[in-house]
1. Within segment 244-253, track down each residue that is closer than 18 Å to R101 by Cβ and touching a helix residue (DSSP H, G or I) at 6+ places or on another chain (Cβ under 6 Å).
2. Looking at segment 167-222 only, could you name the residues that are part of a loop (DSSP other than H, G, I, E, B) and open to solvent by 50 Å² or more (accessible area, probe 1.4 Å)?
3. When the residues of segment 270-294 are narrowed to those that are in contact with a Ser or Thr (Cβ under 6 Å, 6 or more places away or on another chain) and open to solvent by 10 Å² or more (accessible area, probe 1.4 Å), which ends up farthest from K209 (Cα to Cα)?
4. Report, ordered by the first and then the second residue, all pairs with beta carbons closer than 8 Å, sequence separation of six or more or different chains, a first member in segment 275-301 that is at positive phi, and a second member that is surrounded by fewer than 20 Cβ atoms within 10 Å (Cβ to Cβ) and in a helix (DSSP H, G or I).
5. In this structure, is V462 more than 19 Å from N365 (Cβ to Cβ) and in contact (Cβ under 8 Å) with a residue 40 or more places away in the chain?
6. Select, from G478, G398, G483, G436, the only residue that is open to solvent by 20 Å² or more (accessible area, probe 1.4 Å) and either in contact with a Phe, Trp or Tyr (Cβ under 9 Å, 6 or more places away or on another chain) or in a helix (DSSP H, G or I) (or both).
7. What single numbered condition from (1) surrounded by fewer than 22 Cβ atoms within 10 Å (Cβ to Cβ); (2) in a loop (DSSP other than H, G, I, E, B) fails to hold for D455?
8. Restricting segment 372-394 to residues that are open to solvent by 30 Å² or more (accessible area, probe 1.4 Å), farther than 19 Å from S271 by Cα and assigned to a helix (DSSP H, G or I), which is modelled with the highest pLDDT?
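The values are calculated or read from the model by the stated rules, or taken from the named source; none is laboratory data. Given the structure is predicted, the values throughout are model-derived calculations rather than measurements. Every residue, glycine as well, gets a Cβ built from its backbone with ideal geometry; the counts of neighbours run over all protein chains shown. Areas reflect the complete protein model, heavy atoms only, side chains present, ligands, DNA and RNA absent. Shrake-Rupley method; radii C 1.70, N 1.55, O 1.52, S 1.80 Å.
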Amino acid sequence: MNLPSLVSQSAGFLRPTLIRSALPVLLASSISSSQESQQGYNNTSDTNSTEPILNPEETTQPASPDLFWESSGDTNNTTTTHSLSSRMDQAKQLFTQPRPRAILYMASAMALHFGGYEFVRSSMLALFTSNQVGFSNPGAFPLAMGLASPFSFLLLMGYGNVLERKGPRAALQATTLFSILVFAGTALLLQLLLSLQSTSSNHLGMARKALVALAFVYQNSYAHLLYTQHWSFLSSVMTPKEGSIWFSSIAGLSSIICTMTGTMVKPLVNSVGLVGTVACNCIFLVLSLICCDRAYQLSETHGFDPAKIKQNEKSAQNDDNNNNNSSSSNNNLVWKAKDLFQRVPTLGALFGEVLTFQSMSVILNIAMVTRLKQVMPNDNERAAWTGSLFAGVSGLSGVLQFVVIPMFLQRIEPRLVWKVMPLVPFMFSLYQSFQGASPDLFILALSFFAAKTMDYSIRGVVNEMVYQPLDFDSRYLGKEIIGVLGSRFGKSGVSLLMSGLAYVFPQFGIYHLSKLSVLASAGWLTMSWWLSALVPRKDEAQAAFLEQRRSSPPQSPAKGATVATDGSATKDKEE
């Protein structure tokens with residue numbers, strides 16, 4: 001059985017299976033895990049502590065450290081008394097408590113962003129490699145990937161300025177709106193240029209290629225910029241203990257949406273074409289913008305706004321700094337980033353890990369795309385094939401995130417995960433390197449499939465757990481620098497190197513890429529081991545997180561809000 005049919009059948013099976021089974025499995029595992037977390041918390045010496053994210057002085061009773069579930073009766077017998085109906089009743093509490101609702105909104109925003117990204121990734125790849133409107137030269141693809149890095153740097157500068165002047169909510173609004181305008185404008189202009197295709201003009205052909213190239217570069221730049229902001233909010237309003245329980249399920253929600261939209265690529269392309277599929281991404285981005293803005297609105301109203309934590313940290317650090325107006329120029333942002341990385345050595349290790357992982361990923365991707373263009377010259381077939389491939393990645397990642405990862409992350413330290421995780425892609429890359437000059441597309445796709453599955457299912461989760469005990473600047477600015485520049489420089493540097501090697505040595509091809517993938521995966525393994533030495537244990541991360549929140553001045557809820565028994569502020573007349 002060939003890879004496209006295998007992946008399509010797997011994704012088609014996983015989509016209804018995940019939807020039917022995800023919620024009961026999630027509730028069963030999460031309730032028992034949360035109750036264990038609550039029992040451990042109640043046994044600590046600080047028995048009067050409240051939920052650290054909220055205002056300690058305004059709570060009327062100790063808040064449960066458990067994110068979603070309140071203890072019902074004797075906790076010693078709860079593991080055996082919960083029926084499915086009682087779990088469903090408890091699930092309704094998600095819609096009555098502000099902090100869980102904000103987390104659900106932001107998790108939904110991230111899932112919608114990734115769902116739309118499946119459309120634009122497959123369609124833009126097909127357009128860029130098209131013989132009609134794209135580029136047929138094999139060196140064009142790595143060259144375009146290389147240009148994503150300077151473009152990402154410009155986006156990061158704009159994001160940093162908005163973040164410094166207006167805060168994280170405005171930064172997320174601005175970057176999401178800009179992405180909507182880019183892809184909506186691309187779809188409209190490209191459709192107009194294609195309608196004029198009957199007019200024989202070299203200028204029109206050059207305009208189409210330039211538009212496709214710019215949109216493809218932006219498509220390879222914006223995804224990290226948006227989803228790292230989603231994760232920054234989540235890691236700011238959740239404790240490390242909550243993150244070890246819920247991060248994999250939050251990532252699993254994105255995997256479910258990606259599985260569904262990935263399997264929709266083929267019928268959508270056949271229905272509205274490649275340009276229409278690009279435009280469909282805008283619908284998902286609009287919905288994502290609404291959800292993330294609602295999450296920030298809840299955090300501001302109920303006293304757990306991450307921007308307030310930033311203001312508290314900034315006022316504490318202003319003892320050494322001259323208190324001028326934040327005329328944050330690009331130069332100031334660079335110096336601020338330099339100071340941040342010197343102050344937090346974990347960020348340097350994370351930057352190296354991202355750089356080496358993306359280097360490995362882009363080598364595997366170039367090898368697969370090169371072979372795919374040889375095997376499938378039809379644009380629509382390539383778009384459908386890549387959509388099915390990523391749907392399979394998302395489907396398998398969803399199974400791991402909902403069923404496997406929540407169980408072992410509560411029992412295994414994240415530093416051990418960082419040591420073991422890179423071994424899987426390394427073994428697949430090693431096997432690929434022995435397949436000769438013309439390996440089967442299935443072998444190339446399998447190596448890329450393994451790397452992406454590890455990335456989507458476990459790497460992203462443990463990566464966020466590293467950021468949680470860090471300060472605001474590390475979670476927002478440092479994470480964006482690593483996510484945008486580290487990721488893009490890893491892709492761009494290797495892509496430009498591959499493009500140069502293909503230009504200087506015409507015989508450079510898949511065989512050499514397979515050999516280089518082994519070196520790149522070994523580099524990722526080395527950097528992951530270095531990072532693992534700096535990752536704190538879970539109890540150390542929890543203590544650092546609580547200490548940060550307790551050292552910050554308490555946040556006041558919005559005017560007209562009262563405090564609920566779970567420790568969160570609730571408006572007297574809300575909705």
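1. Let us first name the residues in segment 244-253 that are closer than 18 Å to R101 by Cβ, namely 245-247, 249-250, 253.
Those that are closer than 18 Å to R101 by Cβ and touching a helix residue (DSSP H, G or I) at 6+ places or on another chain (Cβ under 6 Å): I245, F247, S249, I250, L253.
2. At the first step, the residues of segment 167-222 found to be part of a loop (DSSP other than H, G, I, E, B) are 167, 196-201.
L196, Q197, S198, T199, S200, listed by residue number.
3. C291
4. As it stands, the answer is none, since no pair meets every condition given.
5. Considered against the rule, which asks whether it is more than 19 Å from N365 (Cβ to Cβ) and in contact (Cβ under 8 Å) with a residue 40 or more places away in the chain, V462 comes out as yes.
6. Working: G478 fails: open to solvent by 20 Å² or more (accessible area, probe 1.4 Å); G398 fails: open to solvent by 20 Å² or more (accessible area, probe 1.4 Å); G483 fails: open to solvent by 20 Å² or more (accessible area, probe 1.4 Å).
Among G478, G398, G483, G436, only G436 is open to solvent by 20 Å² or more (accessible area, probe 1.4 Å) and either in contact with a Phe, Trp or Tyr (Cβ under 9 Å, 6 or more places away or on another chain) or in a helix (DSSP H, G or I) (or both).
7. Just one mismatch for D455, condition (2).
8. Among those that are open to solvent by 30 Å² or more (accessible area, probe 1.4 Å), farther than 19 Å from S271 by Cα and assigned to a helix (DSSP H, G or I), it is V375.
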